[in-house]
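Participant: So that we are looking at the same thing, I have put the structure below in structure tokens.
The values are calculated or read from the model by the stated rules, or taken from the named source; none is laboratory data. Note that this is a predicted model, so its numbers are computed, not measured. Counting neighbours? That spans all protein chains shown, and the Cβs are built from the backbone with ideal geometry, glycine included.
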Amino acid sequence: MSVCLAVDIGGTKIAAALVDSATNHIVDRHQIVTPKSQHPAVFSAALASLLTPFIAPADFVAIASTGIINNGILTALNPANLGGLNRFELVDEIQHITKLPTYAMNDAQAAAWYEFISLTPNNNTHNMLFITISTGIGGGLVLNQQLQTGARGISGHIGHTVVDANGPVCGCGRQGCIEKVASGTAIGELGTALFKRPCTGQEVYQLALEGNSEALNIIHSSAAAVAELIANLTISLDLDTVVIGGSVGLAPHYCEYIQQYLNEKPELYRPRIIPAKSGGDAGLLGAAHWFARQESHT
Ligand SMILES: [Zn+2]
């Protein structure tokens, strides 16, 4: 039996937890607000103070982080998102703090793995996509029952597949990425343009729920774009299951809208659609479980 120190690094919070590898349950957990300053030294100091109380009982560290983790180094498709932390040596830094074997992966990949192992029974699921529609759009792929992290850590970055070739320019450099037209941020931007006042995605969603037909159209075009993406990936990868998460993805009726658009397509394009089970700890638990398997082989 071993104990994992799991760390989830996001844009708004950093969470750390001790996870019992035998049960994959959290036994102790703490979180802090992600430092506003993106100076690497400030970030490292915040990590050190968060992690230090958890080091003694831990056997290894499993990190789920925003961005791309390529050979332990944090980068992003849109480097502006990380500011001074672009090319931050995440694994080396945490290994330096904890003196423990340290592994890292993308947070949506970790969440995908957690959703996969939470499916009951999961042995009928071979090819699963997890898609999170929130501030941005992210994802993770489990193919042949194995999580795909990718040689460069990129696998599953489905938010940057193009759904509108004439759409707005995305921070990654492409035009019309689905993140730019269907995410919570995009829903807010479309509402802002439509209602001629600053709107968040949440406000637009609330208006739609209250029966505002223009706001509802925005939500429907988001769900329709996600359904197209799901259909494209299903026919490319032979997906049998798609798990939907994120604050938009789990908002009232959103999954039903996706299903409605998928139902208009031929059967081969329609995987099973399931809402995500996990709360905010999917990244922690997914990374802990995935890397416990690696740790047991060393
Ligand atoms: Zn993009």
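Participant: List every residue pair whose Cβ atoms sit under 7 Å apart, with the two residues 6 or more apart in sequence or on different chains, where the first one lies in the range 149-176 and is more than 23 Å from residue 64 (Cβ to Cβ) and the second, anywhere, is more than 12 Å from the ligand (Cβ to nearest atom).
Facilitator: 163/225; 163/228; 163/229; 175/165; 176/165; 176/166
Participant: If you don't mind, there's one more thing I want to ask. Within the range 156-165, take every residue that is surrounded by fewer than 21 Cβ atoms within 10 Å (Cβ to Cβ) and modelled with pLDDT of 95 or more and give me the one that is nearest to the ligand (Cβ to nearest atom). Walk me through how you get there before you give the answer.
Facilitator: Here is the first cut: in the range 156-165, the residues surrounded by fewer than 21 Cβ atoms within 10 Å (Cβ to Cβ) are 160-165.
Then keep just the ones that are modelled with pLDDT of 95 or more; that gives 160-162.
On the way: 160: 4, 161: 8, 162: 8 Å.
Applying the filter and picking the extreme gives 160.
Participant: Filter the range 23-41 down to the residues that are within 20 Å of the chain's Cα centre (by Cα), more than 17 Å from residue 54 (Cβ to Cβ) and touching a residue at least 24 places away in the same chain (Cβ under 8 Å) and list them by number.
Facilitator: Result: 34, single match.
Participant: Determine the pairs where a residue that is more than 17 Å from residue 159 (Cα to Cα) and charged (D, E, K, R), located within the range 185-205, has a partner that is modelled with pLDDT under 95 and surrounded by fewer than 15 Cβ atoms within 10 Å (Cβ to Cβ) with Cβ atoms under 6 Å apart, the partner being 6 or more residues away or on another chain.
Facilitator: Pairs that qualify, where the first residue is more than 17 Å from residue 159 (Cα to Cα) and charged (D, E, K, R) and the partner is modelled with pLDDT under 95 and surrounded by fewer than 15 Cβ atoms within 10 Å (Cβ to Cβ): there are none.
Participant: Is it true that some residue in the range 222-243 is part of a strand (DSSP E or B) and under 28 Å from residue 199 (Cβ atoms)?
Facilitator: no
Participant: When you check residue 256 against the structure, is it assigned to a helix (DSSP H, G or I), crowded, with 16+ Cβ neighbours inside 10 Å and either within 14 Å of the ligand (Cβ to nearest atom) or under 22 Å from the mean Cα position of the chain (by Cα) (or both), yes or no?
Facilitator: No.
Participant: Right, here's the next one. What number goes with the only condition from (1) touching a residue at least 40 places away in the same chain (Cβ under 8 Å); (2) within 16 Å of the ligand (Cβ to nearest atom); (3) not aliphatic (A, V, I, L, M) that residue 109 does not pass?
Facilitator: (2)
Participant: Assess whether residue 76 counts as being among the hydrophobic types (A, V, I, L, M, F, W, C), without any contact (Cβ under 8 Å) to a residue 24 or more places away in the chain and crowded, with 18+ Cβ neighbours inside 10 Å.
Facilitator: Yes.
Participant: Find the strands (runs of 3 or more DSSP E) located wholly in the range 86-204 whose residues include 3 or more that are over 17 Å from the mean Cα position of the chain (by Cα), and list them.
Facilitator: Here the list is empty.
Participant: For the range 206-228, how many residues are over 19 Å from residue 138 (Cβ atoms), within 23 Å of the chain's Cα centre (by Cα) and among the hydroxyl-bearing types (Ser, Thr, Tyr)?
Facilitator: 1
Participant: Still on this structure: Mind telling me which of the residues 93, 115 ends up being away from the ligand (no atom under 16 Å from the Cβ), acidic (Asp, Glu) and surrounded by fewer than 20 Cβ atoms within 10 Å (Cβ to Cβ)?
Facilitator: When all the criteria are applied, what remains is 93.
Participant: Related question: Could you say which residue among 262, 285 is in contact with a Phe, Trp or Tyr (Cβ under 8 Å, 6 or more places away or on another chain) and not assigned by TED's automatic domain parsing to the domain that holds residue 217?
Facilitator: 285
Participant: Those residues that are near the ligand (Cβ under 6 Å from one of its atoms) and either surrounded by fewer than 24 Cβ atoms within 10 Å (Cβ to Cβ) or not assigned by TED's automatic domain parsing to the domain that holds residue 199 (or both), I need them from the range 168-186; list them, please.
Facilitator: 170, 172, 174
Participant: Name the pairs: first residue in the range 8-22 and under 16 Å from residue 109 (Cα atoms), second residue surrounded by 12 or more Cβ atoms within 10 Å (Cβ to Cβ) and charged (D, E, K, R), Cβ to Cβ under 8 Å, at least 6 apart or on different chains?
Facilitator: 8/107; 8/281; 9/107; 10/107
Participant: Just to be sure I understand, how many residues within the range 47-82 are more than 15 Å from residue 93 (Cβ to Cβ), touching a Ser or Thr at 6+ places or on another chain (Cβ under 6 Å) and away from the ligand (no atom under 16 Å from the Cβ)?
Facilitator: So the count comes out to 1.
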